[in-house]
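Working notes, structure below.
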Amino acid sequence: MLQIKDIHATIGGSEILRGLSLDVAAGEVHAIMGPNGSGKSTLAQVVAGHSDYEVTAGSVTYRDIDLLDLEPEERAREGIFLGFQYPVEIPGVNNAVLLRSALNAKRKHQGLDEIDAFEFLKLAKEKMAMLGMDPKFLNRGVNEGFSGGEKKRNEILQMAMLEPSLAILDETDSGLDIDALRAVAEGVNALRSPDRAIVLVTHYQRLLDYVEPDHVHVLSEGRIVRSGDKTLALELEDKGYDWVREAANG
Amino acid sequence: MATEQENLEQLVNRRYEHGFVTDIATESLPPGLDEGVIRAISARKNEPEFMLEWRLRAYRQWLDMKEPEWAHVHYPPIDFQDISYFAAPKSDEDRPKSLDEVDPKLLETYDKLGIPLHERARLAGVAVDAVFDSVSVATTFKEKLSEAGVIFCSFSEAVREHPELVRKYLGSVVPQRDNFYAALNSAVFSDGSFVYVPKGVRCPMELSTYFRINAANTGQFERTLIVADEGSYVSYLEGCTAPMRDENQLHAAVVELVALGDAEIKYSTVQNWYPGDEEGKGGIYNFVTKRGDCRGANSKISWTQVETGSAITWKYPSCILRGDNSVGEFYSVAVTNNYQQADTGTKMIHIGKNTSSTIVSKGISAGRAQQAYRGLVRVMPQAQGARNHTQCDSLLIGKECGAHTFPYMEIKNPGAKVEHEATTSKISANQLFYCRQRGISEEDAVNLIVNGFCKEVFKELPMEFAVEAQALLSVSLEGAVG
């Protein structure tokens, strides 16, 4: 589904990704781990198309489309979803309005009619119940005054509504208490399906206790230095990242 | 900014390049202003003697006055002797013959705003037969109003048909020498609207200049007077969301509202005059004096405005809260893009007991536009229990625009409760990226954010106006990001 080949990317002139390659097939869950500054978030932003990052070499192919040719909104409509590490507040803009605009933008792209208000509300309430969210959230400003946990749940709600083919969750687990973590994990697990891929960018192992990955990759200095199955994550938890760095250099 | 200066200079001199006076000289007065010109204007309009006297008094006072310079706007000096103060409507030969001759960009805008075809022709100044669909509508409209006893006519007609009302109320809210532009308007005003709602009458429909026959060519010095007698109610809509072309560059209108005991006036404006091109060329200068007088107890005046047009806007719709328990409201959205400048706000003067006022001002700046909010809240010593709440928010789009807030408070009654909140925010790149990552285009994202920002004001507008205002905002901010 997603093929990243030998990609190099810079921000403000300094190179963050230095020859990263990754293959993600439909139905798989990948975990990207690594120390701070290793390029995990950059990878997520590059796939989503943030204009601050410049791709200087390599290619990103998604379902046979050259992703680097597309605007961020086009990528989103093609089914790519990024769960942000720091979801931004948009004061005054109703959560429901944003959700519906997003959903309709995608439906329009797929040649479908806009979703009507009742159907939308029904769908949203269903998903919110699953995530243990108060329906009042819909009428609040987007992330406006939300706690850290509420923001992350809101990201998962958007993902559940938009039903992406490829979901990249950037440190969605950070700063969550155990209940919120469980709710987020349930949201992710509910989305697992043979025609969908999920990439979890995370610093810690604990989310992986709830969402079991098929593949684990360790990032260091802009490259994947080790790949393995879920046991790799446990090994990391034991030995720390220094071990990886030494292994990579040695 | 040498080019900006040159552009503005060019624009000031522009009118005369086209020499619109020459061919129809018999119908227009040559540029210049003196007592003779005022007598000529009054004579052409067949005005009664009192009206001429009133104009002349205003003119003599104007001669002693100086153009205000305190506003946060910049433009080259205006030569008031270089303006023609009476111009007959353009003859059909001078107008575009069909929409094919009209600037395609303007037509594109009409299309985006969803303006009906026959309206487009009228707005673009195309010479068309005067048989609009709207004429029959207007007739039914007039019948309904006269049944209710509501007078709604052009100002000239009111001067002739209802001189006693005009005499009683004209200048009673905005005195002739109130300010430089109000004095000029009082001397030379061309035409405008007059409304009188009798005691206890609730005006059966929203009054709109759109339905007033002969609304076209009210000229650059418009005069409006609305009187709501005791216990009456009227809602008045001014303007149109469509961009209006006008060959007059300087506009100095005066609007006076009088609400007697228990009466309520709701005045909504959507102003979308030509702002000039992307470099600020050719736009309208809009220097307006709008004031409402809550003269009776329990009266209420509410101003709602959406300002997107004009090169320069200088405008402070105000309320004098004279009657006890009277209420003044000001809800405003002002949008400035490219080189537009706006200095706008309101004044709330609390005189009566338990008077209250609400100010909600939303300013949006994009491009190189400059915008200032200027608000005065004055509580007089006798205004026991006066309350004011002011909320003043600015939204910036891009790096080269500016927003400025000048709140003035003069509180002479220690028991008054006055609150002021102000915020300035930017549409951040991160907000836009967030929306785009959800599949929403950049333009739609800007609209979403701007509409969210203006929500409180839009909900005060009459329903269909609110929908139009949203469309208008998105057109005004087109290309603001990117």
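Couple of notes before you dig in:
- Relative to the dominant Cα principal axis of chain A, helix A:178-191 is inclined by about 90°.
- In chain A, taking the dipole from charged Cβ atoms about the Cα centre, the farthest positive-side position among A:Ala160, A:Trp243, A:Tyr86 is held by A:Ala160.
- In a DSSP loop and with at most 10 other Cβ atoms within 10 Å, the chymotrypsin sites (Phe, Trp or Tyr not before Pro) in segment B:36-87 are B:Trp70.
- For segment B:393-436, the set of trypsin sites (Lys or Arg not before Pro) satisfying both a DSSP loop assignment and a count of at most 10 other C-beta atoms within 10 Å is given as B:Lys399.
- Taken about its Cα centre, segment A:2-249 carries a charge dipole of about 380 debye when Lys and Arg each add +1 at the Cβ and Asp and Glu each add -1 at the Cβ.
- Among the lysines of chain A, pairs at least eight places apart or on separate chains and with Cα atoms under 21 Å apart come to 19.
- Highest-fluctuation residue, A:Gly12, A:Gly92, A:Gly83 considered, GNM on chain A with Cα pairs under 10 Å: A:Gly12
- Selected from A:Val225, A:Val201, A:Val47 as most flexible by GNM, with chain A as the system and alpha-carbon contacts under 10 Å: A:Val225
- Angle in degrees between helix A:148-162 and the longest Cα principal axis of chain A, rounded to the nearest 10: 80
- Dipole of segment A:2-249, positive end: most advanced residue of A:Gly187, A:Leu17, A:Val199 [Cβ charges, Cα centre]: A:Gly187
- Accessible area buried between chains A and B, both sides summed, probe 1.4 Å, in Å² to nearest 100: 1900
- Residue-normalised accessible area of segment A:58-103, given per residue in Å² at a 1.4 Å probe: 39
- Other protein chain C-beta atoms within 10 Å of residue C-beta, averaged over A:71-77: 6.
- Residues of segment B:416-445 buried by at least 10 Å² on assembly (accessible area, 1.4 Å probe, chain alone as reference): B:Asn430, B:Gln431, B:Phe433, B:Tyr434, B:Cys435, B:Arg436, B:Gln437, B:Arg438, B:Gly439, B:Ile440, B:Ser441
- Those GluC sites (Glu not before Pro) in segment B:258-326 that DSSP places in a loop and that have at most 13 other beta carbons within 10 Å: B:Glu278
- 3J(HN,Hα) along segment B:334-340, derived from phi through the Karplus expression 6.51 cos²θ - 1.76 cosθ + 1.60 where θ = phi - 60°, amounts to 10, 10, 10, 10, 6, 9, 5 Hz, with x in place of Gly and Pro.
- Start at zero, step by 10 Å, and the Cα-Cα distances of segment A:2-249 spread as 7, 31, 37, 21, 5, 0 percent across the bins.
- For B:Arg39, solvent-accessible area (1.4 Å; no DNA, RNA or ligand), Å²: 110
- Interface burial in segment A:82-122, defined as at least 40 Å² less accessible area with all protein chains than with the chain alone at a 1.4 Å probe, covers A:Phe84, A:Val88, A:Ile90, A:Gly92, A:Val93, A:Leu98.
- Rounded to the nearest 20, the Cβ-based charge dipole of segment B:386-482 about its Cα centre (Lys and Arg +1, Asp and Glu -1) stands at 360 debye.
The values are calculated or read from the model by the stated rules, or taken from the named source; none is laboratory data. Quick caveat: nothing in here was measured; it's all calculated off a predicted structure. Here Cβ is always computed from backbone atoms with ideal geometry, including for glycine, and neighbour counts include all displayed protein chains. Surface areas here come from the heavy atoms of the whole protein model, side chains and all, with no ligands, DNA or RNA. Shrake-Rupley method; radii C 1.70, N 1.55, O 1.52, S 1.80 Å.
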